[in-house]
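Read through the structure below, which is laid out as structure tokens, and then see the notes.
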Amino acid sequence: MALTFRSSSRVHVVARLTALVALAACSCVSAIAQSGPIKVGMALDISGPFAGPGAEARDGFALAIKQLGGKLGGQPVEFVQTDMAGSPDQAKQLVDRFVQREKIDLFTGPIASNVALAVAPSLFAAKVPYLSNNAGPSQLAGAQCNAYFFGTAYQNDQFHEAAGQFAADQKFGRMVVMAPNYPAGKDGIIGFKRKYKGQVADEIYTKVGQIDYATELAQLRAAKPDAVYFFLPGAMGINFIKQFVGAGLSKDIMLVTSGFSADEDIIGAVGEPMLGLFNTTHWAHDMDNAPNKAFVSAFRKEYGGRYPSIYAAQAYDVIAAMDAAVKAVGGKVSDKEALIKAFAKAQFPSVRGTFRYANNHFPVQNFYLRTIGKNAEGRVTNKTIKTVLENYGDAYASQCPLK
């Protein structure tokens, strides 16, 4: 069998990924460059505060793996996967097991930055390349950068800097900023303020996983800002937008957000109240490049016609990056130096188009402005308007000692 999906002991099996075992059951095992299959540890957040984004990432991973016939670089692969439920403590224990017992060769998966920071030391000590399909904590971008970490998606601040640039361009005089109280939320507000030139009337940090925003809505009503910038991924964003509109605040206060709080997973749950909302992103389903068109078409066919989200696109790119690097080293993933060099070249067909890393292994990429409207099918969805930041790197790369 060329592909095996299984869950680590005492954890839940991810049904959709596990179902892919059947895909490879009839595959013939070719000669391989090491003694057994390449092992990839996958941390999937399919429960907990990031379950929505985690499910999207799972589907992006699964599609890419299916298209590759369950192999990487033509080599057999075993995907050892588990639900880490967005918990740093649980994730640390499970990744230690991945490293010590499973002897994984590659790693990807956690959605949250606090989880990424919890598991990174064990992976770095074992020299296991960690390709982050979402989290991009500032701590790993500057002085603490590591050769074995690749922020394949983005660096946290970047995403919110694009929104700050848009807000500055719109000349919003007074704004309130909101984010969950965890590393990505703090990075987000720092990033937004780095580009926004107006007055920040208030900074509101909410609980991770919070779904009732009555207190925060009262604060917004009292503050009377021109606009609110919020970063609330998954169910947090769904509930906030519904409650914001339901409270009548959308009549007087404009909402601005990043793509994570206004992507297809959020739109599907909220619907028409999101019409007209502006958001910034590094990827969109209507981007005009061949890999993206193929990805979006295949995703919609695989998953009942729905558009992929940013989380799905990023996960898809991670598998493509792994495939290209394993192919470049001829399947010899034990040659760590060669493998890291192959990852750093980023020679894979990214759905974002041209892709390259800065010296700190975070992308230098474009960020775009989107608005939510209705397409020709009458579906509420995002439409890309323009480029906000072009070939944009992060603010920490100069502090990273990597060359």
Label-point separation (nm) for ALA214 and LYS127, each offset 7 Å from Cα along Cα-to-Cβ?
5.7
What do you get when you divide the Cα radius of gyration of the chain by 2.2 N^0.38 Å, with N the number of residues?
0.95
For the range 137-223, just say rounded, prolate or oblate: build the C-alpha gyration tensor, square-root its eigenvalues into a ≥ b ≥ c, call rounded for a/c under 1.5, and beyond that prolate if a/b exceeds b/c, oblate if not.
oblate
Comparing ALA325, ALA141, ALA294 in a Gaussian network model of the chain (Cα, 10 Å), the one with the largest mean-square fluctuation is ALA294
Excluding residues fewer than 8 places away in the same chain, name every one of the lysines whose C-alpha is closer than 16 Å to that of LYS39.
LYS71, LYS103, LYS127, LYS327, LYS332, LYS336
To the nearest 0.05, how large is the calculated FRET efficiency for ALA298 and ARG194 if R₀ is 45 Å and r is the Cβ-Cβ distance?
0.75
In the range 37-62, whose amide N lies under 20 Å from the spot 7 Å out along Cα-to-Cβ of VAL245? List them in ranges.
52-53
Work out the charge dipole of the chain with +1 on the Cβ of Lys and Arg and -1 on the Cβ of Asp and Glu about the Cα centre, then indicate which of VAL364, ALA184, GLY164 is farthest towards its positive end.
VAL364
Percent antiparallel among DSSP beta bridges (both partners in the chain, rounded to 5)
30
When only C-alpha pairs under 8 Å and at least 6 residues apart count, what is the relative contact order of the range 222-297, in percent?
31
Please give the charge dipole size of the chain, origin at the Cα centre, charges +1 on K and R Cβ atoms and -1 on D and E Cβ atoms. Round to the nearest 20 debye.
460
Using 0.36 nm per residue of separation minus the Cα-Cα distance, give me the extension gain between LYS341 and THR354 in nm, one decimal.
2.9 nm
Distance histogram in 10 Å bins (all Cα pairs of the range 192-297, percent per bin):
13, 44, 31, 10, 2
Would you mind computing, in nm to one decimal, how far apart the modelled labels at SER334 and ASN181 are, each placed 7 Å from Cα along Cα→Cβ?
4.9
Normalise the Debye intensity by I(0) for the range 246-342, one equal point scatterer per Cα, no solvent, then take log10 at q = 0.10, 0.20, 0.21, 0.22 Å⁻¹ and round to two decimals.
-0.42, -1.01, -1.06, -1.11
So which chymotrypsin sites (Phe, Trp or Tyr not before Pro) in the range 307-343 pass both tests, a DSSP loop state and at most 12 other Cβ atoms within 10 Å of the Cβ?
none
Once you put a point 7 Å from the Cα of LYS103 and another 7 Å from the Cα of ASP252, both along the Cβ direction, what distance in nm separates them?
6.6
Place the peptides 218-224, 187-193 in order of packing, highest mean first, counting for every residue the other Cβ atoms within 10 Å and averaging per peptide.
187-193, 218-224
Accessible area, probe 1.4 Å, largest first, for residues MET236, MET287:
MET287, MET236
In whole percent, and with a 1.4 Å probe on the protein chains, what portion of the accessible area of the chain is carbon and sulfur?
51
Place a point 7 Å from the Cα of GLN170 in the direction of its beta carbon; the residues of the range 240-280 whose amide N falls under 11 Å from it are 253-258, 276-280
What percent do you get for the relative contact order of the chain when only Cα pairs under 8 Å and 6+ apart count?
18
Using the Cα centre as the reference, give the magnitude of the dipole from point charges on the C-beta atoms of the range 128-201 (Lys, Arg: +1; Asp, Glu: -1; all else neutral), rounded to the nearest 20 debye.
320
Plugging the Kirkwood radius over Cα pairs into Stokes-Einstein for the range 33-97, at a temperature of 4 °C and a viscosity of 1.567 mPa s, what D comes out in µm²/s?
101
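The values are calculated or read from the model by the stated rules, or taken from the named source; none is laboratory data. Everything quoted here is computed from the prediction, not taken from an experiment. A quick note on method: Cβ atoms are made from the backbone with ideal geometry, for glycine too, and the neighbour counts reach across all protein chains shown. We work out accessible area using only protein heavy atoms, side chains counted, and drop any ligands, DNA or RNA first. Shrake-Rupley method; radii C 1.70, N 1.55, O 1.52, S 1.80 Å.
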